[in-house]
Each structure stands twice: as structure tokens, then as C-alpha cells.
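The block underneath contains the structure these notes are about, expressed in C-alpha cells.
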Amino acid sequence: MSPEGVTVVTGGELFEDIVAREYYSEADASHCIQQILESVSHCHLNGIVHRDLKPENLLLASKSKGAAVKLADFGLAIEVQGDQQAWFGFAGTPGYLSPEVLRKDPYGKPVDMWACGVILYILLVGYPPFWDEDQHRLYQQIKAGAYDFPSPEWDTVTPEAKDLINRMLTINPAKRITASEALKHPWICQRSTVASMMHRQETVDCLKKFNARRKLKGAILTTMLATRNFSAAKSLLKKPDGVKESTESSNTTIEDEDVKARKQEIIKVTEQLIEAINNGDFEAYTKICDPGLTAFEPEALGNLVEGMDFHRFYFENALSKSSKPVHTILLNPHVHLLGEDAACIAYIRLTQYTDGGGRPRTMQSEETRVWHRRDGKWQNVHFHRSGSPTVPTK
């Protein structure tokens, strides 16, 4: 449905590129949103509303420096006539939905501009204007337009940048700034004299964490969808004649016991993985982990790493060379089953060891791991850790 047809882009996500830069300023954010607005304006002039603008759908044309930003994934896009407003259905991504969509009012092109406002806010400070783990509360925030510019991170942002955000995040879609109007805003068209050139390291640091959370949620969602699709396919298979599904209460107890057993299975395989780490056994570790394992951990300095090479270094150069005993306890393990073949576990990891002077030490970290079962075998596909590094210090 893209008016420009299909274009191959090879540069990866814009947000991932930003965190890899040595220098990032408000002026850079202005240039990024300008390119996004130019694409949105082109779509709107051709009667196309994207409806799902978000970081995942902002890609770079190539890996070369200064590559153009491209809009991706027009799967939810709709065609409209002029400034037509109608109820086209509930579509989009929670944190980027506009108030009119949440109210189920007629909507049109302004929904894209609301999403641009959310994106611009994130580009400047590294976190979204609306945030709550509870979706109902999140939607209440959005419908009320309840966002602000807290100190100290917003103190160094120019008034013009805040003004553009306010114009984009205007609750009334009729009064919301259009893409063509936004391109004429001083913060965009007079960037060299209006936008600050100060390096925003805190924004980059926050963006790294924001990107990691997005990837974690994406991994969980992908696993959930795959499991649901598999379960749906199984349910379509014809049951043998004479077999009936009981709805009596006795099944509840059986199901509960099954759930408990599966949760214990996840805890056990997690303990096996930790044991492999403590023993410096890379071979055992690779058998439990997916080859494409993604990880966000202190050792990676805020970056999301993929594959086993990053972990191999620690096994070969630190973990396997330590002859001192290491003991680990998993506190408060909480398992959330994601269908038949996926699960997520969160826990506090306490690691006891002795330092170079023979003194007992304890490290603590908070970890979340996503597991997926393939061919009857559980594999760790993603983990997120905050707190102490894995390798004990001397």
C-alpha cells in the first residue's frame, strides 16, 4: 500500500543507529523527524494513512553514514479521500495510539501526527511521553494528553522543540499540526540557528535501555504469537470419534497440576543454565541456549547482543579459569507460561563466591529469561539482566 512501491532497505533501525553514534544532539533529532515528516507528508498527499508509526518501522536505507530514513510496514495502512474522517477500526501499537482511536471516534491523517509526536519525544530524551505497564492506565493517560517535560533532562531542550511536540500531541485532531505544517516549523526549517548542538549522552543511554525493552517485548510477543498459531492449528485437528472434552471441575485440578509441573520445569532448566555458567561449561551452555540468543546485560554496556560469541569470551577467559567455588540461589522465581511451548521467568540471582583474599562475597542481579520449546527441548532465546556482572570480581 506504500505509494512508492517496494524498496529494499539494508541499514537497520534508526533507533539502533542513534545509540551507536559518538555524537547525538537536538539538531540530529530535528533532522531525523524531518525525514520522517517528509515521508508522512508524501503518504498523506497520496491519501495514505500509515496508522502504525513507531521505532520498529523507521529504517535506514543503507548502512552508510547519513543514510535516509524510510517508513516500513504498511500492513495497517488505509486509503482516505482528502481530509476524510471515519472509523476504520482499532489498529496500531498501544503507546503510539491517538486519543481519537482510543475513544473510537472517526479518525484520519492526524493519527500519524500524534505518533510522530510520541516518536519525537523519545528522540529527545530516550523514553516515551506515555508509559504504564497497565494498558488501561496507559490509555487513560493518552486520552487525557497527560504528559510533561520533567527536569533535569528536559531543561536542556529548546522551547521550540517542546512547542512542536505540543502541537503534535494536541488532543483535538482538528487542531493538531499537519505534516506539511510541521515541516515549516522553525525547529525543523531553521535547525542550524534554533536547535541545540549539545551532545545528549543521557538521551543515548536512555535510548539503549528503551531499545532493549522493545526487543524483549518483541521476543516475548513473537513467541506468544508462534505458540498461539501452533495451538490454533492443533485445535483444528479432528478429535477421534467418541472423545469428548469434559468441562467438569475435576479438570481444573488436573490442569493446575500440569501448570505447576511446567513452571517447575522452567525453573529447573534455568537452574541448569546457571550451573553451566558457574562451572564455566560453555558446551553445556550452548546446548541450553538458542544459537540466536539475544541478551541485554551489564557486560554489554547497554547494548543488545545476539548470538554466542559475546558469551564465549567470558567462558573461555574468566569463568572456566576460576577454580574458586561459586554458589547461586534463585530468589522469588516467577514463571509466566506463554502457551504450550514458551515461557518467561523473572528472578533475583544471588551469587556467592570468595575473593582473592579468601573473603566471602555476594553479588545480586535481576534477570528475566524467555524460553521456547523446540522438539521437546527448552532453549533460552532471550535474557535481560541488570545489576552485577556475571564474572565475580577479585
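The values are calculated or read from the model by the stated rules, or taken from the named source; none is laboratory data. In this text, all values refer to a predicted model and were calculated from it rather than measured experimentally. So basically every Cβ, Gly included, is an ideal-geometry build from the backbone, and we count neighbours across all protein chains shown.
Would you pick out the residues in segment 357-388 that are among the polar types (S, T, N, Q) and over 20 Å from A342 (Cα atoms)?
To start, the set of residues in segment 357-388 that are among the polar types (S, T, N, Q) comprises 362, 364-365, 368, 379-380, 386, 388.
Across segment 357-388, the qualifying residues are T362, Q364, S365, S386, S388.
Taking G89, is it at pLDDT below 90, under 20 Å from Y139 (Cβ atoms) and either of a type outside the set (S, T, Y) or out of contact with any Asp or Glu (no Cβ under 8 Å at 6 or more places or on another chain) (or both)? Walk me through it before giving the result.
Numbers: at pLDDT below 90: yes; under 20 Å from Y139 (Cβ atoms): yes; either of a type outside the set (S, T, Y) or out of contact with any Asp or Glu (no Cβ under 8 Å at 6 or more places or on another chain) (or both): yes.
For G89, the condition - at pLDDT below 90, under 20 Å from Y139 (Cβ atoms) and either of a type outside the set (S, T, Y) or out of contact with any Asp or Glu (no Cβ under 8 Å at 6 or more places or on another chain) (or both) - is met.
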Quiz item: Inside segment 311-325, can you point out the residues that are surrounded by 12 or more Cβ atoms within 10 Å (Cβ to Cβ) and at pLDDT below 75?
Solution: A318, L319, S320, S322
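Residue by residue through segment 74-90, note down the ones that are loosely packed, with under 15 Cβ neighbours inside 10 Å and not small (G, A, S). Spell out how you get there, then give the answer.
Here is the first cut: in segment 74-90, the ones loosely packed, with under 15 Cβ neighbours inside 10 Å are 75, 79, 81-83, 86-87, 89-90.
Across segment 74-90, the qualifying residues are E79, Q81, D83, W87, F90.
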Exercise. From E100, E160, grab the single residue that is within 22 Å of F74 (Cα to Cα) and in contact with a helix residue (DSSP H, G or I) (Cβ under 8 Å, 6 or more places away or on another chain).
Key: E100
Self-check item: Any helices (runs of 4 or more DSSP H) falling wholly within segment 100-179 and containing at least 1 residues that are out of contact with any Pro (no Cβ under 9 Å at 6 or more places or on another chain) and buried (at least 19 other Cβ atoms within 10 Å of the Cβ)
Solution: 110-125, 159-168
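Report whether or not S196 is without any contact (Cβ under 8 Å) to a residue 40 or more places away in the chain, farther than 30 Å from L45 by Cβ and either touching a Pro at 6+ places or on another chain (Cβ under 6 Å) or of a type outside the set (A, V, I, L, M) (or both).
Numbers: without any contact (Cβ under 8 Å) to a residue 40 or more places away in the chain: no; farther than 30 Å from L45 by Cβ: yes; either touching a Pro at 6+ places or on another chain (Cβ under 6 Å) or of a type outside the set (A, V, I, L, M) (or both): yes.
Criteria not met by S196.
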Quiz item: Which one of these is surrounded by fewer than 22 Cβ atoms within 10 Å (Cβ to Cβ) and assigned to a loop (DSSP other than H, G, I, E, B): K63, K70?
Solution: K63
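Looking only at segment 325-364, count how many residues are touching a residue at least 40 places away in the same chain (Cβ under 8 Å) and under 25 Å from the mean Cα position of the chain (by Cα).
Taking segment 325-364 and keeping what is touching a residue at least 40 places away in the same chain (Cβ under 8 Å), we get 326-328, 330, 333, 335, 337-345, 347, 349, 351.
Adding the requirement that they be under 25 Å from the mean Cα position of the chain (by Cα) leaves 333, 335, 337-345, 347, 349.
The total comes to 13.
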